[in-house]
1. Kindly rank B:111-120, B:208-217 from highest to lowest mean number of other beta carbons found within 10 Å of each residue.
2. Give the Rg (one decimal place) followed by the Dmax (whole number) of the range B:46-86, computed from C-alpha coordinates and expressed in Å.
3. B:K285: which aspartates and glutamates have alpha carbons under 13 Å from its alpha carbon, excluding same-chain residues fewer than 8 sequence positions away?
4. With the convex hull built on the Cα atoms of the range B:242-294, state its orientation-averaged projected area in nm².
5. In the range B:1-42, whose amide N lies under 11 Å from the spot 7 Å out along Cα-to-Cβ of B:S223? List them in ranges.
6. Sorted by mean Cβ packing within 10 Å, highest first, what order do the peptides A:67-77, A:309-319 take?
7. If R₀ is 56 angstrom, what is the calculated FRET efficiency for the pair B:D183 and A:A64, using the beta carbon separation as r and rounding to 0.05?
8. Percent of alpha carbon pairs in chain B separated by more than 23 Å?
Amino acid sequence: MSKQVHRTLSESQVTAISEELNEPDWLRELRLDALQSLDELEFPDVIQTPGRTWTDLSKLDFEALVDPEGALEQKERVAPEGVEVLSFAEALEAHESLVREHFGSVVDPQENYLTALQTALFTTGTVIYVPEGVEAQAATIRTTMAGQSLFNYTLIIAEQSSSVTILERQETADEGDFDERYYSGIVELVAGENSYVQYGSLQDLTENTYNYGLKRADTDTYATANWIDCNVGSRLTKTSVETVLSGEASESQIVGAFYGHDDQHFDVDARVWHENEHTTADLVTRGVIDDEARSVYEGVQDVGRDAWNTSSYQRENTLMLSDESEADASPKLIINNHDTEASHSATVGQVDAEDLFYMKSRGVDEHLAKNMLVSGFFVPVLEEIEVEELREDLNGRIQDRLAQRTA
Amino acid sequence: MAQLEIKNLHAKVNEDGGEEILNGVDLVVNSGEIHALMGPNGSGKSTTAKVIAGHPAYEVTDGQVLIHLDDEEFGDEEVPEELQTWELLDLEPNERAALGVFLGFQYPAEIEGVTMVNFLRTALNAKLEEREELFEGDESEDDEDDEAGYETSPMEGAADEGEIGVAEFQQLLKEKMEQLDMDEAFAQRYLNAGFSGGEKKQNEVLQAAILEPSVAVLDEIDSGLDIDRLQDVATGINALRDEQGAGILQITHYQRILDYVEPDHVHIMLDGEVVMSGDADLSVKLEEKGYDWVREEVYGTA
């Protein structure tokens, strides 16, 4: 039903977006191909437990949510020395062959219905180009959506032996009166040989926004791609953060944090594919849900047949602050090479009664004690964040949430 | 001077058909006194401690736990006569703490991400604030006490100053830690997380020293301690009494710690009741003769 959205989209609309941005033919073709493919594509996989589909994307009314002509935004980009942080149009002008080589190379535009929709309709994007050997401080991107819907595309190309930390934030502008909004963001990270990239993201959209996100890295030999993915805002978020460890001895850490309240819904995935020898992955996610919020987590460690000497670790903890909140977590470990050291665990639970009693017995009231426990719960995640600005922003948002707690 | 008075205390496990554990405990602990509470496993010693502090796992079915304060209990602020006696069973655990009751845990909780220094300063300020509220009644109901703590970043320590500011508190903490022969680095560690058994017990005594209770109930503070640590902990307990005038109710299985912390009174529990009381000699006698002797004395059977 909801897939009907593409019936109302026309080739001329997509062509108009492409022409407006002065795009080369190859990109326009990619967009049109994506548009055509919508008919056959499925929504991304979601967790199902007996009798329940946690996140039913097919129920969303994309036709009402998506307005191809209503893509307004404000953008801030800060480039550290030696790094180019360009709008998509600027990047096409300055580095067309580079963009053409890598666009769609990590995330197939026709991977699923939502990636294809994004490819057909994206109006804004950023290309971060870190040339060979450059070691850079933090690059920052702030996207503030101001229209009904926004499709945002980010491509990071880190060349051999380069190093960079990136901070991306998504927010919603005050202006604009929409019942519901839709934000979609795809990030492709091409981590060249021996490069190091930490990509931190803080999603703080207003709570009438439906949000789809897919971030994926592909690592060359000895490369490190680390993700910090923080979700605080939105009405519903379906997001996946992934690394394909293609190169020998490459590494990835995926750190996730979410804090849901009211009737927010988070569907958060972390996935890693070990495809070569001596690769290492570490997945750590911590989430808090309060009120009637729901969260579902899926973590996948897939060890390929050729992935000798793999190290792969995964742990997830969801803390429920109310009796009405609901959570599910599913850590999955798929091993096709026996030369693997791996662990995976997930827990879902309420604040520990003994911890609470201990703190209360020292004079701290229950409300404050819970807030301290929640703050402390996020510390392992905060400690992984290299960009101080992101650490402070996330901690600030956690403290704001705690200050709003009534129970 | 304060007095903790336990009268005919009955309690059971807080669930349908929960086991009756306390069957009428009577005990009086005055500040400045050291009491040892001994008894075999399952006699109700730890339950007594937990019920005094308000542990939710137990339901009190009869009896009272009272604290009697005097007018100078909390220094300059005079405690009016009508607010000198409180029924602890009606109060939340944190309110009991504010009135001067401290429970040292047999198994202290490990709290990740909350530093010792942050927790202890928050606790001290929360206790002072709660005390003020208890004695001022409704006037300060709208206080922002509910917000006092979460300005506190777990990463960087406190942002807002409570009654006791950061600098003042750090000085206080340093002094108390030196007294207990604790390494300064403990202050920045997460509360009990990864502490050895002995370090946890030391930390319990440290917290008591910081919070200055009128009566401290110490639940098997001596278990799992090597001799050096036992002496440090004993020094700390004696200081609570000698320097702060606290009353101590020390729960223990063994005579060992009583060699270093000499009790004024010894009580023996059996089957959820205090069945025998005496002076320090009683614990020596118990060590020699064992609980069967007590049983025989009390019930007339071995």
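1. B:208-217, B:111-120
2. 13.7, 37
3. Candidates past the 8-residue exclusion: B:E297.
4. Values: hull surface 16.0 nm².
For the Cα atoms of the range B:242-294, the hull's average projected area reads 4.0 nm².
5. The answer is B:41-42, whose backbone nitrogens lie closer than 11 Å to the label point.
6. By packing density, highest mean first, the sequence is A:309-319, A:67-77.
7. 0.35
8. Tail of P(r) above 23 Å: 57 percent of Cα pairs.
A short reminder: the numbers here are calculations on the coordinates, not readings from a lab. Not measured: the values here are computed from a predicted model. Here the Cβ is made from the backbone with ideal geometry for all residues, glycine too, and neighbour counts use every protein chain on show.
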